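J.: Starting off with a structure, shown below.
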DNA sequence: GTCTTATATGACAGTCACTCTCAAAAAATA
DNA sequence: TATTTTTTGAGAGTGACTGTCATATAAGAC
């Protein structure tokens, strides 16, 4: 989890001791952090405490995570999303591609890593610093998506229409995610995201708005 | 500017010496900061330098701006937007209300404070810390807008459809703003925002996407 | 297995944003 | 003018992050 399909699945036997150790350290730090966050809250937990709990030095902590926020927000989804999108036929409407490529991805994650995802999104919702960082991530994802879609459809990389569409979509999805957390992840995330896509595809004018 | 219509317009004769001094101090700090940012960049400028340039103590700096980022990002627009929206007829479609209420506001600002707005948005674009903070602001604005619109249309305050629409709209607008800065503010911001509204209103399915 | 090289780690010192407390200065009020 | 309230500056402290250097440990050559 979180580190893609790595130590959890035995699908990577070709990794040297070094790599395996690194992955274990990384997960150790993250788990220690999550445990402390849950007990004392994010702000009240210092990097020093996390490092001590994970039995590494503070220096090592920062070697694995550039900032404290990154423990929560390291985004492993972008490359997966990109790959999934590139597999769609080039002439498919963008909205359909997103529906076919991105939604299943989210669905799969909401299933496989449900609890971790929930805890993570809860922090996003509640801790201002993390929420802010999340916005940054979104704008990076946005740029990435725009690039992929522009390449695929032969548009210029700075096509305003495309940027607007992607920005709007991510904006809508973020609200959807927040709604999902607020209901403690009880709803079907995939269905929610699809509904969001429907609304945006049909136009805000419809849907009695 | 920036501090609404305060010291710039002589429309506030009823302010005591205390208030006037506070406004002057605030603007002094901001101007000193902008000058330094332009010369040395945001990150390379310390709060201590800003305070010195503005001839106040660092303590005073933090009394006026809770964080260094707030010098750039203090958002005075939300209340104006709220007021403008509340003046629209309650049965008007949301998209139309936004078009009538918010766009003129932006237009007016892009005209009156063009250079300051440009400088500010440039920082938003280029400095990660500020961009992140901006995302926070957006999510606050989003909540605010949703509240107003929910009240106006009699929907529940946590109506998912409404949240999605507003989130998407702000997401789209943010991209539009970025496009505007990238072109050095030469385009008509109002027109750009309206176009964004058109795209979202008609639905992403149209517009050949 | 040993030697060499590349990499990971920890200790430490330093910077900077931000917080808190307290006493002095200045404006508002009586 | 005297009193009260607000604003300010000084100073100490915290915690996230950076950079450097010596040590330890895994990888690769032999």
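J.: When you go through B:86, B:98, B:73, B:80 one by one, which is the residue that is within 14 Å of another protein chain (Cβ to nearest Cβ), away from DNA strand D (no atom under 16 Å from the Cβ), modelled with pLDDT under 90 and within 21 Å of residue B:137 (Cβ to Cβ)?
T.: So the residue among B:86, B:98, B:73, B:80 that is within 14 Å of another protein chain (Cβ to nearest Cβ), away from DNA strand D (no atom under 16 Å from the Cβ), modelled with pLDDT under 90 and within 21 Å of residue B:137 (Cβ to Cβ) is B:98.
J.: So, one more: Name the single residue that is farthest from DNA strand C (Cβ to nearest atom) among those in the stretch A:61-76 being outside any helix (DSSP H, G or I) and surrounded by fewer than 18 Cβ atoms within 10 Å (Cβ to Cβ).
T.: Top of the filtered list is A:75.
J.: So, one more: Against the definition (exposed (fewer than 14 other Cβ atoms within 10 Å of the Cβ), under 17 Å from residue B:120 (Cβ atoms) and within 14 Å of DNA strand D (Cβ to nearest atom)), how does residue B:46 come out, yes or no?
T.: Spelling it out, it is not the case that residue B:46 is exposed (fewer than 14 other Cβ atoms within 10 Å of the Cβ), under 17 Å from residue B:120 (Cβ atoms) and within 14 Å of DNA strand D (Cβ to nearest atom).
J.: Let me ask you something else. Taking the stretch B:163-209 on its own, how many of its residues are assigned to a helix (DSSP H, G or I), farther than 25 Å from residue B:122 by Cβ and more than 7 Å from every other protein chain (Cβ to nearest Cβ)?
T.: 2
J.: For residue A:67, all conditions in the list (1) within 14 Å of another protein chain (Cβ to nearest Cβ); (2) in contact with a helix residue (DSSP H, G or I) (Cβ under 6 Å, 6 or more places away or on another chain); (3) within 16 Å of DNA strand D (Cβ to nearest atom) hold save one; what is the number of the exception?
T.: (2)
J.: Working only within the stretch B:136-148, note down all residues that are at the interface with chain A (Cβ under 9 Å from one of its Cβ atoms) and over 22 Å from residue B:114 (Cα atoms).
T.: B:136, B:139, B:142, B:146
J.: Quick test of your reading of the structure: residue A:157 fulfils all but one of (1) under 19 Å from residue B:177 (Cβ atoms); (2) in a helix (DSSP H, G or I). Name the failing condition by number.
T.: Condition (2) is where residue A:157 drops out.
J.: May I ask you to say which residue of B:79, B:58 is within 11 Å of DNA strand C (Cβ to nearest atom), out of contact with any strand residue (DSSP E or B) (no Cβ under 6 Å at 6 or more places or on another chain) and free of Cβ contacts under 8 Å to residues at least 24 places away in the same chain?
T.: Result: B:58 is the single residue among B:79, B:58 that is within 11 Å of DNA strand C (Cβ to nearest atom), out of contact with any strand residue (DSSP E or B) (no Cβ under 6 Å at 6 or more places or on another chain) and free of Cβ contacts under 8 Å to residues at least 24 places away in the same chain.
The values are calculated or read from the model by the stated rules, or taken from the named source; none is laboratory data. The structure presented is a predicted model; accordingly, all values stated were derived computationally and were not measured. Glycine also receives a Cβ, built like all others from the backbone with ideal geometry; neighbour counts cover every protein chain displayed.
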